[in-house]
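These notes concern the structure reproduced below.
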Amino acid sequence: MLKRVHFPPSVLPYLLVAPQVAITIVFFIWPASQALYQSLLLEDAFGLSTKFVWFENFTALFSDDQYLDAFKRTFVFSLSVAVVSMSAALLLAVMADRVIKGTTAYRTLLIWPYAVAPAVAGALWMFLFDPTLGIVAYVFDMLGYTSWNFRLNGNEAMVLVVLAAAWKQISYNFLFFLAGMQAIPKSLIEAAAIDGAGPGRRFWTIVFPLLSPTTFFLLVINMVYAFFETFGIIHAVTKGGPAKATEILVFKVYNDGFVGLDLGSSAAQSVILMAIVIGLTVIQFRYIERKVEY
Amino acid sequence: MVENRPLLTLFSHLVLILGVLVVAFPIWITFVASSHDAVRMTQVPLPLLPGSHFFDNLWQALTEGVGNVKEVSVGTMLLNSLAMALMISIGKIAISLLSAYAIVYFRFPFRMGFFWMIFITLMLPVEVRILPTFKVVADLGMLNNYWGLSIPLIASATATFMFRQVFLTIPDELLEAARIDGAGPLRFFADILVPMSRTNIAALFVIMFIYGWNQYLWPLLITQDKDMYTIVMSIKQMTEASEESPEWHMIMMTTLLAMIPPVVVVVTMQKLFVKGLTETEK
Amino acid sequence: MAQVEIKGVEKVYPNGFKAIHGVDIDIAEGEFVVLVGPSGCGKSTLLRMVAGLERVTAGTIRIGERVVNDLEPAQRDIAMVFQNYALYPHMSVFNNMAYGLKIRGMSKAEIADRVQKAAEILELSSEQLTRRPNQLSGGQRQRVAMGRAIVREPSVFLFDEPLSNLDAKLRVQMRVEIKKLQERLGITSIYVTHDQVEAMTLGHRLMVLNEGNVEQLGTPIELYEKPASQFVAGFIGSPSMNFMDARIGAGGDTVELPGGVSLPLDGAGGREPGRAVVLGIRPEHLEATTGSDVASLRVDLVELLGADTLIHGHFGDDKADMTVRLQGTSTLRPGDLYPCAVDPAHLHLFDPDSGRRI
């Protein structure tokens, strides 16, 4: 935490932390406390009067079917993104770990989607699946599935944003799975081979269990990613539509606040999201403690 | 690999190649689309092989602008994005280095208080406090300029933690040797600590550059003035053509241009990138 | 003239732990003083207080004419060699040595001149000066660390276990080099080590520390011949001194061992008959004899070391294990009797309670 030796006391350390702390207070803590305060207020439609209403905004939210739907939807979306992306990445990592030649080349070819902005990824996938022009939609057409239109069909819209979000995250998951597998001592695998376990069996009985800390860690990271960082994808591809079929919580905060101008509700949603982030962060740090023991 | 099974190895390569193709397919299509003209891009099926208009399209995008964002060229947007990404990444690194240095090497009242304050930023992503943060920035007159685009994003708990971790692994004796050599706190920081952390700084720079470049929601809120548009946020605007159908060849050219800088950074600085990813997750 | 004067120095850490209980020593110009003791005895703390890396709780430290208690390390005119060398990993060897001089604002020409001279003394080639520390071997790094100290031309050298990271062979070699270097440069030196061989061979004087107290201060021979306490007696010398519980004989001029063996003491009086004592005999002083009134050691184990032989055995019924060192190889075997005698001058008596020499 602190060095055994340090410099004699002076104002210097305060000057050193000042920029970071100033930005933190002005742009993080102050707005967050504003959100907290706002969440307890009710403003009329014209912004003329505000009234302190305690937790009314929260109770209103939790009795609002739309909000609860958004909650469920976010969960389904996040879990789908995590599962799709992690399984694809795990498969590729297992294969990359197996081949002796070309591991680095494959890695190079697989990591770059990380660098693509979510909104850009959204645009790419939207183009591929565009109902009139898109190449994938054309293939669907040829296969006889002519009704594809993510602009009208909510489920199809969901599939599309999940794919775009998962695609972008494959790189990250691949890197961590590969690193996790390379950290497993080769002697363990060799011992299992001598015991007569074939490659498939070795994977399920040795490699996969030993990877479980990595898997859990990635699950949390992917959930956080899907919860908060996919705003760009949703906004660029579906705008939460059609008929709110892809409206996840982060998008709803934005939409209710900026478009709908329902400040109290938007603030209350912010506070709920903060609670979720705090929960996920705590889980993540718990995990790190476990990793240290491991 | 433990035993020699050529078939299994072949299969592994096949899966990997397939994976690479699936991952790369959207990019290929982007490239192909950006190399055709407007007419070809309205005929189904769309082409799978590149056309001959790549450089025309490139020139047009860089100098003119695309679709309903005609007022500002993609070249300007690229410069805006570059400025924002650089300010964010350099700003994050600078203030995180300084605060990590203070927290590790000085004992002073409220040290832990500051530490936790910085830690809290980890739990407050911009997405969850959009409205009040926007209001602060507006009140400070920081809308529609580079300061507003970058400064609210440069506080960084992850970077501070990473540097703290790095500093903690630097042996105490180096500070003692430096003190005997007569180096004061600022000298020690500039001559010893920063040069010794340079690979970590570079790794962090790669990650933070990508983070900055890929910002979407924040520039969307802060820039109403089209001259300040960043490339990533404007693509969305372009696809929302109101009257005519979107000019896909130009949009895809823009998309390509939006991807190239961060992708080049990741691929050319792969080692630093991997180091940065793994170290900021501690 | 005392170059370094330490007077009543104490160290208490903020958590209340008292690391140094009061140390006094005057170190003359050009003298080489070794602080020695087991780990945790406070020797490094004392050195670091001289360096200015730890605050002095009480007492004064004077270097030359100045009291340095409140001076920064850089202002004390000292140089220090660290256990792990503490070389700046991102700087070339040259810059490592030059860094302190640059900060002092010395001219480039003079810096180059001083580094060159130090490099010659330490036999570092000009090609090695351009390398980074991690491209050097352990011994070379050690030299660079010394070079960094030499170029400053300080009035005091401080060494904090500088050889303990080297392998055994290199350690012996560097020990000799440090000794030569110190004699050649004539710079007052304080050297911390836990290795008594290093201490004995290097120091003009040794200060043995134990749990923050000075057990003894003296020349190596004084410590060997007249250890002031059982602790010093056991710490100095290898293999270490044999100790056994004994009693002063009825006449006050013998010491009686439990097995009924009695050894004559030196003339000095003042030993009350019947008093319990701890008797110490160095392994090399249990000499073979053919005399009549002798103690016989029952041999349990023989270790042949080539130049010497170590014999482990016991007197009569006494269980205490005794070690004897004989020159050359010996034909003794386990079970044999080894008749031996000790020159009364080589018997050391200690108080069983205080551990002080009687």
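Read-outs: derived from the displayed coordinates by stated rules, not from any lab. From a predicted model like this one, the values you see are computed outputs, not experimental measurements. Because the Cβ atoms are built from the backbone with ideal geometry, glycine has one as well, and the counts that use them run over all protein chains shown.
Comparing mean-square fluctuations of B:Ser12, B:Ser81, B:Ser52 from a GNM of chain B with C-alpha springs under 10 Å, the top value falls on B:Ser12.
Quick check: the angle from helix C:93-103's long axis to the longest principal axis of chain C, C-alpha only, nearest 10 degrees? With rounding to tens, the tilt is 70 degrees.
Residues with beta-carbon under 13 Å from that of A:Pro209, excluding A:Pro209: net charge, scoring Lys, Arg +1 and Asp, Glu -1? Write out the running numbers ahead of the final one.
Numbers: positive: A:Arg201, A:Arg202; negative: none.
Here the count lands on +2.
Comparing C:Gly313, C:Gly147, C:Gly16 in a Gaussian network model of chain C (Cα springs below 10 Å), the most mobile by mean-square fluctuation is C:Gly16. Summary of the geometry: the stretch B:154-197 and the stretch C:124-146, compared by the centres of their Cα atoms, lie 23 Å apart.
Relative to the current alpha-carbon distance between A:Val282 and A:Val83, full extension at 0.36 nm per residue lengthens the span by 69.5 nm. Residue exposure proxy: B:Ser89, B:Ser99, ordered by other Cβ atoms within 10 angstrom of their Cβ from fewest to most, comes out as B:Ser89, B:Ser99.
The simple spin-label model puts a point 7 Å past each Cα toward its Cβ; for C:Asp245 and C:Asp70 those points are separated by 5.4 nm. Cα centroid separation, the stretch C:42-62 to the stretch B:1-72: 69 Å.
Scan chain A and note any complete DSSP helix (H) whose C-alpha atoms cover at least 20 Å along its axis and whose Kyte-Doolittle average is -0.5 or more.
Values: long enough: A:65-98 (49 Å, 0.91); A:154-182 (41 Å, 0.98); A:208-224 (23 Å, 1.74); A:263-293 (45 Å, 0.93).
Those that clear 20 Å and a mean of -0.5 are A:65-98, A:154-182, A:208-224, A:263-293.
Computed over the Cα atoms of the stretch C:200-358, pair by distinct pair, the Kirkwood hydrodynamic radius stands at 16.5 angstrom. When all alpha carbon pairs of chain C are counted in 20 Å bins from zero, the resulting P(r) reads 26, 46, 24, 4 %.
Averaging the Cα positions of each part gives two centres, and for the stretch A:118-144 and the stretch C:190-208 these lie 80 Å apart.
Remark on the stretch A:84-135: hydrodynamic radius 13.0 angstrom, per the Kirkwood mean of 1/r across alpha carbon pairs.
Take each residue of peptide A:175-183, count the partner chain Cβ atoms within 10 Å of its Cβ, and average: the result is 1.
Each peptide in C:62-72, A:167-177 was scored by the mean count of other Cβ atoms within 10 Å over its residues; highest first, the order is A:167-177, C:62-72.
Every pair of different Cα atoms in the stretch B:145-282 enters the Kirkwood calculation, which places the hydrodynamic radius at 18.0 Å.
Given the DSSP H assignment, sum -39500 (n - 2.57) over each helix run of at least 4 residues in the protein assembly as shown and divide by its residue total; what's the result at 222 nm in deg cm²/dmol, nearest 500?
-16000 deg cm²/dmol
Hey, with R₀ at 41 Å, roughly what FRET efficiency would C:Gln173 and C:Asp353 work out to, going by the Cβ-Cβ distance, to 0.05?
Values: r = 44 Å, r/R0 = 1.06.
Efficiency, from the Cβ-Cβ distance: 0.40.
Candidate membrane-span-like segments in chain B, meaning DSSP H helices with Cα atoms spread over at least 24 Å of their own axis and a Kyte-Doolittle mean of 0.0 or above, are B:6-33, B:74-105, B:248-268, with no membrane implied.
Considering only the protein assembly as shown, what is the antiparallel percent among its DSSP beta bridges, to the nearest 5? Intermediate results must be reported in sequence, preceding the final value.
On the way: 59 of 78 bridges.
If I count the DSSP bridges inside the protein assembly as shown, around 75 percent turn out antiparallel.
Could you compute the FRET efficiency for C:Glu10 and A:Leu91, with r as their C-beta to C-beta distance and R0 at 56 Å, rounded to 0.05? Mind dumping the intermediate values first?
On the way: r = 67 Å, r/R0 = 1.20.
Calculated transfer efficiency: 0.25.
Note on B:260-267: average number of Cβ atoms from other chains within 10 Å of each residue's Cβ is 4. Note on C:Ser164 and A:Phe208: with the Förster distance fixed at 30 Å, the Cβ-Cβ geometry gives a FRET efficiency of about 0.05. Across the protein assembly as shown, the fraction of Cα-Cα pairs farther apart than 51 Å, rounded to a whole number, is 42%. Starting from the Kirkwood Rh over alpha-carbon pairs, what translational D in µm² s⁻¹ does the stretch B:8-108 have by Stokes-Einstein at 10 °C and 1.306 mPa s? Translational diffusion coefficient: 88 µm²/s.
One decimal place: the segment C:Asp266-C:Arg62 gains 69.2 nm when fully extended, by the rule 0.36 nm per residue minus the C-alpha distance.
Over the stretch A:65-289, what portion of Cα pair distances is larger than 32 Å, expressed as a whole percent? Don't skip to the end; give the middle numbers.
Working: 7502 of 25200 pairs.
Of the Cα pairs, 30 percent sit more than 32 Å apart.
What per residue convex hull volume, in Å³, do the alpha-carbon atoms of chain B yield? Write down the numbers at each step before the final one.
Values: hull volume 56.3 nm³, N = 282.
Here the figure is 199 Å³ per residue.
With each label point set 7 Å from Cα along the Cα-Cβ vector, what nm distance links C:Glu153 and B:Asn144? In this crude label model, C:Glu153 to B:Asn144 measures out at 6.7 nm.
Shown here are the Rg and Dmax of the Cα trace of the stretch C:301-358, at 14.1, 40 Å.
Restricting the stretch B:105-153 to trypsin sites (Lys or Arg not before Pro) that sit in a DSSP loop and have at most 13 other Cβ atoms within 10 Å of their own Cβ leaves B:Arg107.
Taking the Cα centre of chain C as origin and assigning +1 to Lys and Arg Cβ atoms and -1 to Asp and Glu Cβ atoms, the resulting dipole is close to 1640 debye. Across A:Val83, A:Val162, A:Val99, mean-square fluctuation computed from a Gaussian network of chain A (C-alpha pairs under 10 Å connected) peaks at A:Val99.
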